[in-house]
Amino acid sequence: MPTPELIELNILGQVCPSCLMVALNEMNTHREGLRNGKVEILVRTDHRDATRTIPDSARAMGYEVDVRKTASYYEIRVHCAK
Amino acid sequence: MRRTAKNNKNAPLVPKAAAARRGLDKRYIAYVRDKVNQLLQVMGTSALRPEELDDGALLELDPIGIIAGSFEQILEHLRETNRSLSIARDELQAIFDATGVGISIIDEDFRILKSNEKLRRLLAADGAGDITGRFCYEVYCGKEGPGLDCPAVDTLATGRSVIVREVSKKGKHFQIATTPFKDGEGNIIGVIEVLMDISDLKTAKDAEREQRGFYLAEKSKLAAVIESLSEGLFVTDASDRIVSFNRAARKMTGYSESEVQGLRFQEFIAGLGGPSCAVIEERDFKSGELSITSKDGRHRIISVSSVLLRDGDARHGEKVFTFRDITEEKHLQESYCRTEKLAALGQLSAGVAHELNTPLGSILGYARLLTKGKNLSPDQRERLDIIAEQAKRGSAIITGLLNFARRSDPALREMALIDINDVIGGVVRMLTTEAEKRNITVLMEFGGIPPLMADRRQMEQVIINMLLNAIQSVRKNGQVSVRTSSAGDSVKIMIADNGPGIPPDIRPRIFDPFFTTKPVGEGTGLGLSICAGIVSEHNGSIDVDGESGKGAVFTVTLPVNHS
C-alpha cells in the first residue's frame, strides 16, 4: 500500500479560531482521502484541551487518532481505521 | 508527500461577510455561538470558550457548516458500522443455527433469551413452538425449578465455567458446558449453555467396553486353558525367540518362564541336550521326536509338533510348538514289543525244547555208559567226556528254554504277598560264596517297603539273574549294591555294579533272548530276557542306565497291588 499523504497543520500558539474547529474543517476538506487511507492529518498544537476534543470528534467520525507529546507541544495524528 | 495546510487568520474578509459582520445584531452572533456549542456537545465534545472563537471568526469560519460536515461523516461512519454489524449479526446467526451443538442463552432468572435449532430439536418437546422467554428448567428438564445439580446454577453463583461430562435427558446422553454471560461492565447477566449430544459416542464406548471385557474374559479363559494343558506349549515370535510357555512345558523342562523368555527356541532345545540348532532349523520342526534332559537331569523323549500362527514365510512367522512327553509311552512300547517277542519265543521254545530233550538225554546217557568201559584209551575217554559235557550243556540250554516258556503260563504262577527285602536277602546269602570267590562286595540297602503281590519263586529268579549278571559283569575286585525303596504305589529295586557298564549301542538289545556279550560257553543269553518277561507279567518295568565305563544300574519297578 502506498504511503499516505501527510497534511500538516501547525497551530502552535493559536487560540482563535479553536484548534478543534480548524481540525474539523481540515477533516471535512480531506474526508475522501482520509476514508480511503490516502491522506493522514497531523495537527501540532500546544493547547492541551485539543488532545481530548480533536480525538473525540475524529473517532466519532470513524477515524483513528494517535496523540504524542513532545517537549513543548502535542502531535495529534488522524488517519483511517485499518 | 507532505503538505502544510493554510491557516491564515489575517486574510482579508469577503466583502459581503465584512458588511454582514458590521450590521448584524449581537443577539444573532450569540445565537449562532450557542448553537455551535450545542452541536459540539451533541457530537460528544466540549463547547468552545469565547476566546477560542471570537465574533469575527464565528462568522468567517462558518462553524455550523463545519460541524454539519463533521456530522455527515459521523452519520456515514454510523451507517457503515450498522452495515458491518448487520452482516456480522447475520453471520453469527447462521453459525448459531448451523453448529452441531445446541446453544442456549438464559438470563439470571433462567429464562431462555435465545436458543438455536439444534438445541430445540434435542431438548424441546415436539410442537413446543417458540421457547424464548420460557424457563429453561421447564423446557429442557421438565421440572418446576432449577435443580441443585444444574451447571447453570453453579455458573450463575460462582461466575465460573462448568463442564458436566455426562448427563442423561430425554433418553439421550449429553455433555454440557456453561459459561457466564457478562455485560460491558463485567457483571454476570446470564449463562451460555452449550450442549453436545454424546449418545452415539457413549453407545460406542459402552460397546467397546463390553467387547473389551469379553475379550479380556476370553483371553483369561484361553490362558487358563493353555496353563491347564497336559502338553507343553511354547510360543515363539518371528525371530524364533520364546515369548511364553505354559505350566506343562515348565514342568517338562524344569525351567521357569523368566529363565527361558527371550532365548531362541533352537538354542534352548540344544541346551537341553536336544539336536543342534542347525539340525532343528533344517528339519524346521513341523513334527518330530526329541531326546532331552530336563534341568533335574531326567531324560525324556518328547514328541514335538509346530504350527505357524499366521500366513507368510514359515521361517519368519510366529509359531506354537507343542511338546508331549512320550517317555513312558516309548518304554511301554519297548516293553510290549519285548513281551511279544518273548511270548512268541516262549511258544517256539517249549516245542523245540521238548523235541530236543529226548535225543539229548540219549546222547548223555550212552556217553556216560561208555565212559564206564574198562578198555578205553585216554583219547577215547577224553572224547566221551567232551560228548557228555556238551550234552549236559545242551540240556542246560533246553532247561533254560523250558523255564523261559514255562514262566509265561499264568496257571503255573503262585501269587502271594511277599516281602521283597526278604527275597533279596535270601538270594544274596545264596550267592555270597560266588561273590567272595571273586572278591566282590555285595551291599544291601533296604528301604521301608510294603509287601508285594507276586510269585516268590519268579522274583527269586529275577534277583538271582540280575545279581549274577552284575557279579559276572564286575568279574573281580568290585562292588555290587542292591537298594530297595518305596515310590508311591510301587516298589523300586536298584541293582548297581561298578563293572564296565553297557555301551549305548547295545543297550536296547540286552533284554532280547539269546543276546549276550559274554564269551561263547558262558551263559545262554536268556537271563535278562527271562527277568524282563517275569517283571512284565507282574505289570512292572525294568530299565537300565549308566554310562559306558562307569558300571550299570538296573531298576526294577513293581506295583504294590498286582492286578
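The values are calculated or read from the model by the stated rules, or taken from the named source; none is laboratory data. Since the structure is predicted, the reported quantities are computational estimates derived from the model, not experimental observations. No Cβ is skipped: glycine too gets one built from the backbone with ideal geometry, and neighbour counts run over all protein chains shown. Surface accessibility is based on the protein's heavy atoms, side chains included, excluding ligands, DNA and RNA. Shrake-Rupley method; radii C 1.70, N 1.55, O 1.52, S 1.80 Å.
Computed quantities for the displayed model
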{"quantity": "For region B:426-514, size of Cβ-based charge dipole, Lys and Arg +1, Asp and Glu -1, in debye", "calculated": "220"}
{"quantity": "Value at 222 nm in deg cm²/dmol, rounded to 500, when DSSP H runs of n ≥ 4 in the protein assembly as shown each add -39,500 (n - 2.57)", "calculated": "-15000 deg cm²/dmol"}
{"quantity": "Average Cα contact separation per residue, region B:103-182, under 8 Å, 6 or more apart, as relative contact order %", "calculated": "20"}
{"quantity": "Degrees, to the nearest 10: A:50-60 long Cα axis against longest axis of chain A", "calculated": "30"}
{"quantity": "Cα principal axis extents for region B:142-253, largest first, Å", "calculated": "81, 31, 21"}
{"quantity": "Length-normalised contact order of chain A in % [C-alpha pairs under 8 Å, at least 6 apart]", "calculated": "33"}
{"quantity": "Shape box of chain A [Cα atoms, principal axes, largest first, Å]", "calculated": "34, 23, 17"}
{"quantity": "Residues of region A:13-28 buried by at least 10 Å² on assembly (accessible area, 1.4 Å probe, chain alone as reference)", "calculated": "A:Q14, A:V15, A:C16, A:P17, A:S18, A:L20, A:M21, A:V22, A:L24, A:N25, A:E26, A:N28"}
{"quantity": "Region B:86-168: equivalent-ellipsoid semi-axes (sqrt of 5 x gyration tensor eigenvalues, Cα, Å)", "calculated": "22, 16, 13"}
{"quantity": "Computed over region B:417-456, Cα set: Rg, Dmax in Å", "calculated": "12.2, 35"}
{"quantity": "Area buried, chain A against chain B - accessible surface, total, 1.4 angstrom probe, square angstrom", "calculated": "2800"}
{"quantity": "Point-charge dipole on Cβ atoms (K/R +1, D/E -1) for chain A, about Cα centre, debye to 20", "calculated": "180"}
{"quantity": "Value of relative contact order over region B:471-563, rounded to a whole percent, pairs C-alpha under 8 Å and six or more apart", "calculated": "33"}
{"quantity": "Euclidean distance of C-alpha centroids, region B:453-480 and region B:81-126, integer Å", "calculated": "107"}
{"quantity": "Solvent exposure, largest accessible area first (probe 1.4 Å, DNA, RNA and ligands not counted), of B:Y215, A:Y63, A:Y73", "calculated": "B:Y215, A:Y73, A:Y63"}
{"quantity": "Cα Rg, Dmax (largest Cα-Cα span) when computed across region A:6-53, Å", "calculated": "10.9, 31"}
{"quantity": "Computed magnitude of the charge dipole of the protein assembly as shown (debye, nearest 20; Cβ of K, R +1, Cβ of D, E -1)", "calculated": "860"}
{"quantity": "Efficiency of FRET between B:R475 and B:E218 - r from beta-carbon atoms, R0 45 angstrom, step 0.05", "calculated": "0.10"}
{"quantity": "Helix A:19-29 vs. chain A, principal-axis angle (Cα, 0 to 90°, nearest 10)", "calculated": "20"}
{"quantity": "Percent carbon-and-sulfur accessible area, chain A, ignoring ligands, DNA and RNA, probe 1.4 Å", "calculated": "48"}
{"quantity": "For region B:142-182, average projected area of the Cα convex hull in nm²", "calculated": "3.2"}
{"quantity": "Tail weight of P(r) past 35 Å, computed on alpha-carbon pairs of the protein assembly as shown, percent", "calculated": "72"}
{"quantity": "√(5λ) per eigenvalue of the Cα gyration tensor, region B:412-534, largest first, Å", "calculated": "24, 18, 14"}
{"quantity": "Accessible solvent surface per residue of the protein assembly as shown, calculated while the other protein chains remain in place, 1.4 angstrom probe, Å²", "calculated": "57"}
{"quantity": "Solvent-accessible surface ranking, highest first, for A:E64, A:E32 at 1.4 angstrom", "calculated": "A:E32, A:E64"}
{"quantity": "P(r) of region B:31-123 over all Cα-Cα pairs, binned every 10 Å from zero, in whole percent", "calculated": "14, 26, 15, 14, 15, 12, 4, 0"}
